[in-house]
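Before any comments, here is the structure.
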Amino acid sequence: MNNTIKLAVASALLAAATSANAGIMIPAGDWTLDIGGVVNAYYTSTRHSGDNAGSLVSGANATGTKTSSNITTGLLPNYLSVSGKTRQNDLDVGFTISMQPGASTTGSLQGGGGNENRQAFLTFGDASWGSIKLGKDLGIYASDAILNDMTLLGVGSAAGTIQGGTTTLGRIGSGFMYADWKSQVAYSSPNWNGFSFTAGVTQAWNAIARNGGVASTGRGGSSPAFEGKASYAWAGDFAGKVWASALSQKVDNLTVGGSDRANAWDIGANVNVAGFGLTGYYGQGDGSGTLGLLRGGFDGAGKSRDSDDWYVQGTYTLPGVGTKLGVSYGESTLDGNSGENFDQEQNRMWTIGAYHPLTKHLNLVAEYSDAKNEIDNNTPGTDTNSKSKTISLGAILFF
């Protein structure tokens, strides 16, 4: 199983229910290949209401209430990856290439269901000094936020609005920003008694207009983005992990001319004792936007907007059966600047979930998520809101 999925299993997927430790190991000359992945599908029923009924992500549908049902993947896509590792010239050398086929189609002659290729990277290093990664992989900033989110095993929000894509949103945009999949050159330190850090440069991205904001007209910046994170983890009867990460990117070629910087930082913690788990997370940005990096980060005059994200999550694993019960709540807020038509946009969501290990590798999942998007405008009587309540039932298999 590739490193990202292993980390997800170890940190966010259900303790007893996700005891898969590796994929299919194949010796091949000097190399050891590891083939692994994920297959999941959910039946979802979503009740939409509010001013933009049917969309908490973008666009607007008819005002009122409607219900949509879909069969789709959850927050994790279907996943097939091939990794390889070898030891050559006193270096640990490895690679990972993966693909993520979609599983949701909503019309005839759409059998593809969407497809992504999220990973293609190489690594080299040694346990004595760390490792270097070159290629495309999960971003560094906010990566621990999503990997500790319990909806990683389920659906969360946007089940009824992203038909035909490869995933739903989980808690992305209603508690944390998406770490996304980024081209990068990164260094990861050795593990020093639980402490480790990663620092890297990643491909600069374009700003994305939102709520009257502007978008960059060229590449996101004349210099790369800079990202880093540090964490400390400990084991025992009272186990846990604390982490912090940050991002900074120059954003130039704005529609109004000139340049600015987008900056963000976050901090989080996860502790586990006697079957109970508690996770807390907070992040803050200036020009970084919301939901996805640089989405709505700048207003129509090219001035950066403030944003923040937070969520809390509690879980309990039933002794003997291994079923994990969880509840979480989070908010993501984008603030308008002085003189703009809107004062604030906020997404918030409650999620209640049950995750049961039917076998060592197969998990049954039941979730209920209540999400709301609100835009507070400066003109009285023009505020808008959209709501969605989603019930999802399905299964996820790791191999």
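The values are calculated or read from the model by the stated rules, or taken from the named source; none is laboratory data. Just so we're clear, the structure is a prediction, and the values are computed from it rather than from any experiment. Note: ideal-geometry Cβ built from the backbone for every residue, glycine included; neighbour counts use all protein chains shown.
Under 9 Å between Cβ atoms, at least 6 apart or on separate chains: pull out the pairs that start in the range 330-358 with a residue that is over 30 Å from Leu153 (Cβ atoms) and acidic (Asp, Glu) and end on any residue that is modelled with pLDDT of 90 or more and not in a strand (DSSP E or B).
The qualifying pairs are Asp335/Arg305; Glu340/Arg305; Asp343/Gly336.
Could you list, ordered by first residue, the pairs with Cβ atoms under 7 Å in which the first is in the range 278-305 and outside any loop (DSSP other than H, G, I, E, B) and the second is of a type in the set (Ser, Thr, Tyr), at least 6 apart or interchain?
Note: pairs meeting the criteria are Tyr281/Tyr311; Gly285/Ser307; Asp286/Ser304; Gly287/Ser304; Gly289/Ser307; Phe298/Ser304.
Can we say Thr151 is touching a residue at least 40 places away in the same chain (Cβ under 8 Å), assigned to a loop (DSSP other than H, G, I, E, B) and in contact with a strand residue (DSSP E or B) (Cβ under 8 Å, 6 or more places away or on another chain)?
no
Can you give me the number of residues within the range 299-317 that are in contact with an Asp or Glu (Cβ under 7 Å, 6 or more places away or on another chain) and among the aromatic types (Phe, Trp, Tyr)?
Of the residues in that region, 1 qualify.
Is the range 343-355 home to any residue that is over 16 Å from Leu75 (Cβ atoms) and in a loop (DSSP other than H, G, I, E, B)?
Among the residues of the range 343-355, not one is over 16 Å from Leu75 (Cβ atoms) and in a loop (DSSP other than H, G, I, E, B), which makes the answer no.
When the range 318-338 is examined, which residues are found to be touching an Asp or Glu at 6+ places or on another chain (Cβ under 6 Å) and in a loop (DSSP other than H, G, I, E, B)?
Correct list: Gly336, Asn337.
Hey, Gln344 hits all of (1) at pLDDT below 95; (2) farther than 24 Å from Leu169 by Cα but one; which does it fall short on?
Just one mismatch for Gln344, condition (2).
With respect to Asp299, determine if the residue is out of contact with any Leu (no Cβ under 9 Å at 6 or more places or on another chain) and farther than 24 Å from Asp370 by Cα.
Here the answer is yes, as Asp299 does meet what is asked.
Which count do you get for residues in the range 363-399 that are farther than 18 Å from Ser328 by Cβ, of a type in the set (S, T, N, Q) and part of a strand (DSSP E or B)?
Matching residues across the range 363-399 total 4.
How many residues are surrounded by fewer than 22 Cβ atoms within 10 Å (Cβ to Cβ), modelled with pLDDT under 95 and under 22 Å from the mean Cα position of the chain (by Cα) if we restrict to the range 278-329?
So the answer is 1.
Mind listing whichever residues of the range 183-213 are buried (at least 20 other Cβ atoms within 10 Å of the Cβ) and closer than 18 Å to Asn263 by Cα?
Within the range 183-213, Gln184, Thr198, Gly200, Thr202, Ala204, Trp205, Ala207, Arg210, Gly213 qualify.
Here is a yes/no grid of residues against (1) in a loop (DSSP other than H, G, I, E, B); (2) at pLDDT 95 or above; (3) within 17 Å of the chain's Cα centre (by Cα):
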position	(1), (2), (3)
Gln163	yes, no, no
Thr167	yes, no, yes
Val185	no, yes, no
Gly212	yes, no, no
Gly220	yes, no, no
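Please work out which residue is nearest to the chain's Cα centre (by Cα), limiting yourself to the range 345-395 and to residues that are within 28 Å of Ala209 (Cβ to Cβ) and among the hydrophobic types (A, V, I, L, M, F, W, C).
Met349
Scan the range 40-77 for residues that are at pLDDT 90 or above, among the hydrophobic types (A, V, I, L, M, F, W, C) and either within 17 Å of Ile97 (Cα to Cα) or buried (at least 21 other Cβ atoms within 10 Å of the Cβ) (or both) and jot them down.
Leu75, Leu76
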